[in-house]
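Step one of this worksheet: look at the structure below.
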Amino acid sequence: MSTLLLRAAPLFAALADPTRLAVLDRLRSGERSVNELCGDTAARQSLMSFHLKTLKDAGLVFARKEGRTVWYAIDPSGVARLERVVALLQGGDDALSEASKRVDLEVCLEYISSD
């Protein structure tokens, strides 16, 4: 199995929860606060914060603080990573190998440029 696919496991784990999928669905229309998301999903704030942290750790959402309110939105780079992994799953072994090398290089470059 490709190393890239193994590294993508946390991404898929973050998507494997109905509440987190509901959060992502709400965020498709724009950023929302924790309180708004709680009202939309009937989840308590502590549970919503847990789900948002999971999505944030997976790189699928980002947070922006404004005063005492934290606003969450879908992270386009996280969605792009997800699309690359799905493309790998759709391709043959040659496509998988080539895409894996390309993404490994991208990850290295992202890591280097973040310092």
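Only the coordinates and a few stated rules stand behind these numbers; no lab work does. All values derive from a computational prediction rather than experimental measurement. Every residue, glycine as well, gets a Cβ built from its backbone with ideal geometry; the counts of neighbours run over all protein chains shown.
Residue check: is Val79 under 25 Å from Gly91 (Cα atoms) and surrounded by 12 or more Cβ atoms within 10 Å (Cβ to Cβ)?
So Val79 fits the description; yes.
Pick from segment 13-71 the residues that are small (Gly, Ala, Ser) and in a strand (DSSP E or B): which of them is nearest to the chain's Cα centre (by Cα)?
The residue in question is Ala63.
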